[in-house]
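> Pasting in a structure now, in structure tokens, and then I'll have a few things to ask.
The values are calculated or read from the model by the stated rules, or taken from the named source; none is laboratory data. A quick note: this is a predicted structure, and the numbers were derived from the prediction, not measured. Virtual Cβ from ideal backbone geometry, glycine too; neighbours counted across all protein chains shown. We work out accessible area using only protein heavy atoms, side chains counted, and drop any ligands, DNA or RNA first. Shrake-Rupley method; radii C 1.70, N 1.55, O 1.52, S 1.80 Å.
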Amino acid sequence: MNAAHHLPVLAIVLPLVFAYLMPLFDRWRRGWCTPAALGVLAVSFVASLAMAWQVMTGGPYYYQMGNWPPPWGIELNIDYLAVFTAITMTGVSLVVLVYASKDLLHELKPHLLGWYYTLYLLLVASMVGMALTNDIFNLFVFVEICAIAACGIISIKSNKECLEASFKYLILSTLGSGCLLLAIALLYMVTGHLNFTYIAQALPEAMRLYPYNILAALALLLVGMGVKAALFPLHVWLPDAHSSAPSPSSAVLSGLVIKIYAVSLLRVLYQVFPADIFEVTPVLNILLWMSTLAIIAGSMFAIVQEDIKKMLAYSSVAQIGYVFMGFAIVDFFALTGGILHVFNHAMMKAMLFMAAGAFIYSTGVRHLSGLKGIGHTMPVPAVAFAIGALAMVGIPLTNGFISKWYLVLGALHDGQPFFAAVILLSSLLNGIYYLPIIVNAFFSEPQGRVAAPLPLPRQMQVPLIILGLGCLLFGIAPSLILGLIYRASEALLGL
Amino acid sequence: MERLLHNYPYMVAVVLFVLGVYTILSQENLMKKIIGTNIMSSAIFLLFISAGNIAGGSPPIISKGYVPPEGVVLVNPLPAALILTGIVVSFSLTAFALSIVIKLHDYYGTIEADEILKLRSEL
């Protein structure tokens, strides 16, 4: 039993423990809070990378919590998808936290900083937990931690908009977790297990005896996870919540939190339910059409927005549609595109929200028409915003192009050119609302508060530069991450 | 029909669940929305517990070396343990939601969603 064997539990438990130490640090030595939180996330990130190395060289493995063997104990499943998701979650949240350490001083009262880190670390721990767990009830517990922490980092600003948005999110999120718990109850009733592997073994037999229970569980699961992942008709909470929250919160909520529910749903659909259930129910077709609606409607709503953060929030509704579309077209390339988009969109959207936050920090302007000429006075965030916007549209040499390429390839390969056309159309729509901002930023004269912005601290510039270079790097050399994703989709499709 | 009567706890749970969801979606009062979430969670707890229960079974309290006598059936303890977690979760969500409602009341002086909307549009 060496330390390398316990990496999975380290990646989850360390942020959890430090989350509760943060308020103490805040009382004792306020200056230590930020380095401690950054250090913990860095360790978690390195642990995820090390797990990826283990999995790539030695294959997937299971970790038994506290040495209790399944089916009684909780098991962590360290496979390709799990390490990919863990790397995305810890990596992006680490970069956003660097930004948050300065931006929050501006947006929050100083004594709340320690509490913010508590919520933030809880959020990251729960997301890594959801990525790694192989136990459906453990998944539910992490979903709940994530829901409360996510509402917390919205309402911590405690102005009217944040509180209202947070209440709406909390109630709908409770509705979603209710559906999820009911689905778990129905699955447990017919299979007698909570471990994914054991449920998957027992389901074909149970399917014959109690088909209605399983269909009801499937529907509830779809609604529960759909509400939390903001799949189109269930997205009503997202725009307010993501636009009113402090900017670093918006970056993690839009970039990471809605994705982790999508990935969990993917795992349950593909690894727990038997493949023949999708022949008797049109679940994947429903998902496909919902994601199509999300892509089109999300972009349409984004076009009419005047507020920069609200526009980015509606753009997230559209982008989560791409992820679900990749999952719902049962095809190797589409699945690869969907999983890749989880990673790419996490980087792009976190960067866009941080750039928007930088504009608001320095000039106080949230209105899109007020940002004319910002490229002259604030070059770093404006260039980062431009890279992110181009990646959203899917211009070649940016990472957004690669994931759209795989999605289109998958749709064509599966013989559904209509959905390829949807992706192309939505790229046009993305262009309609992103490109004018870039043009205005660089080709107009700065006026008013934009002409004399406050200087941006270095801690807020460096994350933008890192993510901007990341977007270009993974657009030019996608093979850095594709090897892992290929294996993840092969494992999910059972190839 | 006989099956329905035999499974009556499930029927009650389903009715309660739908009632809870309806309350959340239809009521304007924020407190009533919170009560709706609680009705909904209670329905799930009822369903989960009744799934683990065996009529006439004895409680699963055993010590080392204990062999249940002939004809005694022990109730499945796992659903109870899971629901204990579920209750804690539901409790903390309720507490958080209530604290937000208090703050909203401080700002607006009302906890009716439609009145808050009206106050906001007047600003």
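> Restricting region B:90-113 to residues that are over 14 Å from B:M31 (Cβ atoms) and touching a residue at least 12 places away in the same chain (Cβ under 8 Å), which is nearest to the other protein chains (Cβ to nearest Cβ)?
B:L93
> Further question on the same structure: For region A:183-215, which positions are more than 14 Å from chain B (Cβ to nearest Cβ), open to solvent by 20 Å² or more (accessible area, probe 1.4 Å) and among the β-branched types (V, I, T)?
Once the filter is applied, which keeps residues that are more than 14 Å from chain B (Cβ to nearest Cβ), open to solvent by 20 Å² or more (accessible area, probe 1.4 Å) and among the β-branched types (V, I, T), region A:183-215 yields only A:T197.
> Also: Looking at region A:17-37, can you tell me whether even one residue there is polar (S, T, N, Q) and within 26 Å of A:T133 (Cα to Cα)? Can you show your working first?
Restricting attention to region A:17-37, the residues satisfying the condition of being polar (S, T, N, Q) are A:34.
This time we only want the ones that are within 26 Å of A:T133 (Cα to Cα), so: none.
No, that holds for no residue.
> Within region A:148-177, which residues are within 10 Å of another protein chain (Cβ to nearest Cβ) and more than 22 Å from B:A113 (Cα to Cα)?
If the condition is that a residue be within 10 Å of another protein chain (Cβ to nearest Cβ) and more than 22 Å from B:A113 (Cα to Cα), then A:S177 is the only one that fits.
> Moving to a separate point now. In region A:37-64, what residues are out of contact with any strand residue (DSSP E or B) (no Cβ under 7 Å at 6 or more places or on another chain), touching a residue at least 24 places away in the same chain (Cβ under 8 Å) and within 26 Å of A:Y20 (Cα to Cα)?
Taking region A:37-64 as the starting set, the residues that turn out to be out of contact with any strand residue (DSSP E or B) (no Cβ under 7 Å at 6 or more places or on another chain) are A:37-50, A:52-54, A:56-59.
In the following step, the residues that additionally are touching a residue at least 24 places away in the same chain (Cβ under 8 Å) were identified as A:37-38, A:40-45, A:47-50, A:52, A:54, A:56.
Answer for region A:37-64, where residues must be out of contact with any strand residue (DSSP E or B) (no Cβ under 7 Å at 6 or more places or on another chain), touching a residue at least 24 places away in the same chain (Cβ under 8 Å) and within 26 Å of A:Y20 (Cα to Cα): A:A37, A:L38, A:V40, A:L41, A:A42, A:V43, A:S44, A:F45, A:A47, A:S48, A:L49, A:A50.
> For region B:52-89, name all the residues that are within 12 Å of chain A (Cβ to nearest Cβ) and assigned to a helix (DSSP H, G or I).
Of region B:52-89, the ones within 12 Å of chain A (Cβ to nearest Cβ) are B:52-53, B:76-79, B:81-89.
Across region B:52-89, the qualifying residues are B:G52, B:L78, B:P79, B:A81, B:L82, B:I83, B:L84, B:T85, B:G86, B:I87, B:V88, B:V89.
> State all residues of region A:136-165 that are open to solvent by less than 10 Å² (accessible area, probe 1.4 Å) and among the acidic types (D, E); if no residue qualifies, say none.
Hit for region A:136-165 is A:E144, nothing else.
> Further question on the same structure: Looking at region A:119-134, which of its residues are open to solvent by less than 10 Å² (accessible area, probe 1.4 Å) and touching a residue at least 60 places away in the same chain (Cβ under 8 Å)? First the steps, then the outcome.
Our first condition is that a residue be open to solvent by less than 10 Å² (accessible area, probe 1.4 Å); within region A:119-134, this holds for A:120-121, A:123-134.
Residues satisfying the conditions are A:Y120, A:L121, A:L123, A:V124, A:A125, A:M127, A:V128, A:G129, A:M130, A:A131, A:L132, A:N134.
> Which members of region A:381-407 meet the condition of being free of Cβ contacts under 8 Å to residues at least 40 places away in the same chain and more than 20 Å from the chain's Cα centre (by Cα)?
A:I395, the sole residue that qualifies.
> Here is a list of conditions, (1) farther than 27 Å from A:T191 by Cα; (2) outside any helix (DSSP H, G or I), and B:I35 meets all of them except one; can you say which number that is?
(2)
> Still on this model: Just checking, does region B:96-109 include any residue being open to solvent by less than 60 Å² (accessible area, probe 1.4 Å), modelled with pLDDT under 90 and touching an Asp or Glu at 6+ places or on another chain (Cβ under 6 Å)?
Looking through region B:96-109, none of the residues is open to solvent by less than 60 Å² (accessible area, probe 1.4 Å), modelled with pLDDT under 90 and touching an Asp or Glu at 6+ places or on another chain (Cβ under 6 Å).
> Still on this structure, please answer the following. Consider A:A356 carefully, then state whether it is more than 22 Å from A:E490 (Cα to Cα) and surrounded by 24 or more Cβ atoms within 10 Å (Cβ to Cβ). Show your work before the answer.
Numbers: more than 22 Å from A:E490 (Cα to Cα): yes; surrounded by 24 or more Cβ atoms within 10 Å (Cβ to Cβ): yes.
In short, yes.
> From the list A:L256, A:L180, A:L222, A:L218, pick out the single residue that is open to solvent by less than 10 Å² (accessible area, probe 1.4 Å), under 27 Å from A:L81 (Cα atoms), out of contact with any Phe, Trp or Tyr (no Cβ under 9 Å at 6 or more places or on another chain) and at pLDDT 90 or above.
Being open to solvent by less than 10 Å² (accessible area, probe 1.4 Å), under 27 Å from A:L81 (Cα atoms), out of contact with any Phe, Trp or Tyr (no Cβ under 9 Å at 6 or more places or on another chain) and at pLDDT 90 or above holds for just one of A:L256, A:L180, A:L222, A:L218, which is A:L256.
> In region B:4-63, what residues are of a type in the set (G, A, S), within 30 Å of B:I116 (Cβ to Cβ) and surrounded by fewer than 19 Cβ atoms within 10 Å (Cβ to Cβ)? First the steps, then the outcome.
Residues of region B:4-63 that are of a type in the set (G, A, S), as a first pass: B:13, B:20, B:26, B:36, B:41-43, B:50-52, B:55-58, B:63.
From what is left, the residues that are within 30 Å of B:I116 (Cβ to Cβ) are B:20, B:26, B:36, B:41-43.
Hits for region B:4-63 are B:S26, B:S42.
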